[in-house]
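Novice: This is the structure, below, for whatever I ask next.
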Amino acid sequence: AAAGPGGAERYFTRWYKPDVKGRPCEDFCVLQHSNRRVGWGGPGEICVITLAEAHPLLQSGKTIKSINYQISANCSRLQNKVSGKSKRGAQFLTELAPLCRISSSDGEEYTIYSCIRGRLIEVNENILSNPALLQQKPSTEGYIAVVLPKFEESKSITQGLLTRKEYEEVLLKRCDSSS
Amino acid sequence: MSSLTEKDRPVVQLLLNTGTCPRCILRFCGVGSQVLYRHPAKDLMKDLQEFLKNNQEKEDTGCLDGADPPSKRIRLEQTQEGPDDVNHNGVLQQVPSMNDGNAAMESSAGKVCNVCLGILQDFCETDFVKKVCQKVNSADYQFTSFVFSVSLPPQLSVRERAAWLGVKQEMRNLGFSLAKDDIVQLKEAYKWIIHPQLSEELGVPADGKSLFEVSVVFAHPETDKECHFLATACPDCFKPAKNKQSVFTRMAVIKALEKIKEEDFLKHFPCPPSSPKKLCDALEIQCNNGAVFVAGRYNKYSRNLPQTPWIIDGERKLESSVEELISEHLMAEFKADSFNFSSSGREDVDVRTLGNGRPFAIELVNPRRIHFTAEEMKRLQQAINNSSDKIQVRDLQLVTREAIGRMKEGEEEKTKTYSALIWTDRAIQREDITFLDDIKELKLDQKTPLRVLHRRPLAVRCRVIHTMRSEYIDEHHFRLHLKTQAGTYIKEFVHGDFGRTKPNIGSLLNRTADILELDVESVDVDWPPTL
């Protein structure tokens with residue numbers, strides 16, 4: 001018997017961003033936690049950036065060759081260091097800030113984007129040592145990054161993204177157009 | 001007056017002339033006899049006059065024929081010709097004229113003292129004592145002793161300085177030197193006088209360490225501006241402080257007075273200080289009892305009860321809370337203003353606390369009642385337990401503030417035991433989970449759980465699971481009993497928190513695991529003492 005969305009994913013709401021940067025089916029899923037502090041100037045809700053089920057990397061036959069958190073000459077997401085409750089020192093992310101680049105064995109390259117504005121808390125180092133994790137458990141242990149938006153930005157996050165229902169409609173349209 | 005000596009004479013003379021009350025005069029002469037200050041003001045005035053007259057008599061040994069000697073006597077404004085006014089020659093003393101070469105003195109009795117502004121005058125009288133005690137009695141506090149604290153308007157320090165400088169000047173002119181050291185502090189003298197009266201009226205002793213405080217704030221708006229000149233003379237003493245209304249606090253004024261030079265002081269402030277028109281006002285008479293501490297252990301039987309009230313955006317999300325259910329009765333019985341609840345760790349809303357419960361302590365602020373027998377505490381415990389089935393308390397007792405430290409020690413050092421109901425995605429057989437029972441001292445690395453990461457720093461915690469014991473239920477469920485180090489996140493150990501707690505039950509069983517229920521079985525802190 002399966003439980004819910006249960007376990008670690010309980011208390012998260014799923015938001016979707018399909019076809020990021022116009023690239024077909026490169027969809028992402030942002031898991032937004034329900035816990036928040038109250039008040040302006042404070043933090044919003046913790047968000048986990050993951051691949052949505054339609055992403056090419058999660059389709060059968062794809063093997064991941066490498067995952068690289070060095071997104072430019074000057075910026076490695078692995079060097080992100082936060083301190084204190086307010087997560088000082090965090091790299092600031094905009095919606096289209098790259099988190100990492102993933103190459104598959106068939107020569108394709110995919111960029112994973114933040115999808116939301118906020119402070120980068122951590123990137124998942126477990127997928128560096130075990131890339132298969134990303135494909136086996138994309139919604140939990142295979143997550144890409146944890147981002148913390150500001151309280152004021154929380155609303156704009158959910159406004160820029162699709163609900164599960166809306167995303168399913170997108171998926172349906174894709175099926176229809178391809179058939 | 002045997003406490004006064006020859007060298008005090010000019011001081012007494014000057015101060016009496018310039019409108020200072022008898023008790024302040026005694027202070028300036030360094031008279032340390034508490035009893036003396038308690039004499040009625042009228043008597044003290046008489047004694048001072050006698051003291052001065054004696055000097056006069058020494059000088060006037062020639063005037064025995066009844067002619068009016070130059071008078072140095074002070075006349076009470078209120079009284080007319082009474083027996084007091086007759087010298088031992090039977091001749092009526094006259095009010096001295098201003099032309100009198102021996103420095104005419106105006107009647108200063110009946111006037112408000114230019115140094116203490118009436119504090120050592122009317123505020124030592126029975127009427128005021130009665131007023132204070134009335135306030136205390138109507139406030140309905142339980143107490144066995146009291147401490148009386150007094151807040152004086154800052155300009156008193158300024159006036160004291162001015163009067164002192166006048167005395168210094170006079171003594172210099174007469175060729176004497178004067179040390180400041182033996183001036184009796186106004187507050188001290190005031191307490192000498194008023195403590196015994198309060199003590200008598202309230203029926204309990206005055207004790208500096210008492211937890212029951214009666215406080216009075218005195219103000220004298222008429223002279224409030226007298227401190228202001230210090231701000232121009234010593235600006236760095238008067239920085240605008242965040243919460244204070246006036247920058248001219250007692251401390252700031254005293255500091256400035258230490259810094260300012262005598263010449264500068266005298267430029268800005270009259271010496272001797274002027275006689276005020278009115279007495280001080282006693283603004284507030286307040287009572288406060290020191291906090292009492294009640295400790296115990298609580299059990300939590302609800303999976304829908306937060307520790308503290310859960311209010312978001314002004315809306316209460318869940319009814320009641322552990323602290324409210326326990327404190328409600330205590331607040332009512334102890335008649336306190338407010339409370340502070342703390343416990344040795346805490347559990348989530350959906351977690352029960354079983355076994356002998358979790359230690360807690362409640363600080364009751366400004367309680368009206370403080371004495372409770374063991375019997376009464378037992379009944380109080382029963383009342384709390386009867387009022388709710390969501391929580392139960394035991395070992396309810398009064399403790400000291402110091403004892404709270406023991407409870408907080410426990411939070412970081414002591415072990416806890418739990419019982420978790422676990423679900424697995426793939427089927428398990430009995431033999432699949434028995435190995436858990438053999439694992440001892442399992443070291444975990446737990447990153448700050450995602451569910452608290454918004455308000456806690458990102459860190460990795462090493463925690464130890466000392467022992468585990470599994471109970472097979474069916475192919476997808478088992479119960480796990482664990483004994484862990486304090487500060488271990490159990491839920492995250494079960495579901496793995498996106499792989500951020502390692503190892504976890506999922507990784508140990510090679511499955512996806514979820515926690516359906518969690519109970520605290522014991523909190524291994526041996527405080528408070530079991531009753």
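Novice: Kindly provide the set of residues from the stretch A:44-67 that are of a type in the set (A, V, I, L, M, F, W, C), part of a strand (DSSP E or B) and within 14 Å of chain B (Cβ to nearest Cβ), ordered by number.
Specialist: Correct list: A:CYS47, A:VAL48, A:ILE49, A:LEU51.
Novice: Here's a check for you: in the stretch A:94-109, which residue that is more than 25 Å from B:ARG451 (Cα to Cα) and aliphatic (A, V, I, L, M) is surrounded by the most Cβ atoms within 10 Å (Cβ to Cβ)?
Specialist: A:ILE102
Novice: Same structure, new question: Give B:LEU198, B:LEU174 a once-over and let me know the one that is surrounded by fewer than 17 Cβ atoms within 10 Å (Cβ to Cβ) and on the phi < 0 side of the Ramachandran plot.
Specialist: It is B:LEU174.
Novice: Taking the options A:ILE71, A:ILE112, name whichever one is within 27 Å of B:ARG456 (Cβ to Cβ), of a type in the set (Val, Ile, Thr) and either more than 14 Å from every other protein chain (Cβ to nearest Cβ) or surrounded by fewer than 22 Cβ atoms within 10 Å (Cβ to Cβ) (or both).
Specialist: Going through A:ILE71, A:ILE112 in turn, just one is within 27 Å of B:ARG456 (Cβ to Cβ), of a type in the set (Val, Ile, Thr) and either more than 14 Å from every other protein chain (Cβ to nearest Cβ) or surrounded by fewer than 22 Cβ atoms within 10 Å (Cβ to Cβ) (or both): A:ILE112.
Novice: Does A:SER76 qualify as being hydroxyl-bearing (Ser, Thr, Tyr) and more than 13 Å from chain B (Cβ to nearest Cβ)? So that I can check it myself, show each step before the final result.
Specialist: On the way: hydroxyl-bearing (Ser, Thr, Tyr): yes; more than 13 Å from chain B (Cβ to nearest Cβ): yes.
Judged against the criteria, A:SER76 is a match.
Novice: Now, a different point. Go through the stretch B:181-200 and give me each residue that's over 15 Å from B:ILE119 (Cα atoms), part of a helix (DSSP H, G or I) and out of contact with any helix residue (DSSP H, G or I) (no Cβ under 8 Å at 6 or more places or on another chain).
Specialist: Listed by number, the residues that qualify are B:SER199, B:GLU200.
So that you can scan it fast, the table gives a plain yes or no per residue for (1) under 17 Å from the mean Cα position of the chain (by Cα); (2) surrounded by 15 or more Cβ atoms within 10 Å (Cβ to Cβ):
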site	(1), (2)
A:PRO43	no, yes
A:THR50	yes, yes
A:LEU57	yes, yes
A:LYS62	no, yes
A:ILE67	yes, yes
A:CYS75	no, no
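Novice: How about the stretch B:365-393: which of its residues are more than 29 Å from B:GLN286 (Cα to Cα), in contact with a helix residue (DSSP H, G or I) (Cβ under 7 Å, 6 or more places away or on another chain) and of a type in the set (D, E, K, R)?
Specialist: B:LYS390
Novice: Just for the stretch A:122-152: of the residues that are part of a helix (DSSP H, G or I) and within 10 Å of chain B (Cβ to nearest Cβ), which one is surrounded by the most Cβ atoms within 10 Å (Cβ to Cβ)?
Specialist: If we take residues in the stretch A:122-152 being part of a helix (DSSP H, G or I) and within 10 Å of chain B (Cβ to nearest Cβ), then A:ILE127 is surrounded by the most Cβ atoms within 10 Å (Cβ to Cβ).
Novice: Given the criteria at pLDDT 90 or above and in a helix (DSSP H, G or I), does B:SER215 qualify?
Specialist: no
Novice: Report whether or not A:ARG101 is assigned to a strand (DSSP E or B) and within 11 Å of chain B (Cβ to nearest Cβ).
Specialist: no
Novice: Among the residues of the stretch B:395-443, what is the count of those that are among the acidic types (Asp, Glu) and part of a strand (DSSP E or B)?
Specialist: Looking only at that region, the number is 1.
Novice: Right, here's the next one. For the stretch B:291-319, enumerate the residues that are more than 28 Å from the chain's Cα centre (by Cα), closer than 24 Å to B:GLU521 by Cβ and assigned to a loop (DSSP other than H, G, I, E, B).
Specialist: B:TYR301, B:SER302, B:ARG303, B:ASN304, B:LEU305, B:PRO306, B:GLN307
Novice: Looking at B:ILE428, B:ILE433, which is the one that is modelled with pLDDT of 95 or more, surrounded by 18 or more Cβ atoms within 10 Å (Cβ to Cβ) and away from every other protein chain (no Cβ under 14 Å)?
Specialist: B:ILE433
Novice: Those residues that are within 48 Å of the chain's Cα centre (by Cα), of a type in the set (D, E, K, R) and not in a loop (DSSP other than H, G, I, E, B), I need them from the stretch B:467-517; list them, please.
Specialist: Residues satisfying the conditions are B:LYS483, B:LYS491, B:GLU492, B:GLU517.
Novice: Then there's this: Among the residues of the stretch B:513-526, are any free of Cβ contacts under 8 Å to residues at least 24 places away in the same chain, touching a helix residue (DSSP H, G or I) at 6+ places or on another chain (Cβ under 6 Å) and buried (at least 23 other Cβ atoms within 10 Å of the Cβ)?
Specialist: No - not one qualifying residue is present in the stretch B:513-526.
Novice: For the stretch B:240-281, enumerate the residues that are in a helix (DSSP H, G or I) and touching a helix residue (DSSP H, G or I) at 6+ places or on another chain (Cβ under 6 Å).
Specialist: Within the stretch B:240-281, B:ALA252, B:VAL253, B:ILE254, B:LYS255, B:ALA256, B:LEU257, B:ASP264, B:HIS268 qualify.
Novice: OK, next. Over 19 Å from the mean Cα position of the chain (by Cα), in a loop (DSSP other than H, G, I, E, B) and free of Cβ contacts under 8 Å to residues at least 60 places away in the same chain - does that describe any residue in the stretch B:341-359?
Specialist: There is at least one residue in the stretch B:341-359 that is over 19 Å from the mean Cα position of the chain (by Cα), in a loop (DSSP other than H, G, I, E, B) and free of Cβ contacts under 8 Å to residues at least 60 places away in the same chain.
The values are calculated or read from the model by the stated rules, or taken from the named source; none is laboratory data. Because the structure is predicted, anything quoted here is derived from the model rather than measured. Note: ideal-geometry Cβ built from the backbone for every residue, glycine included; neighbour counts use all protein chains shown.
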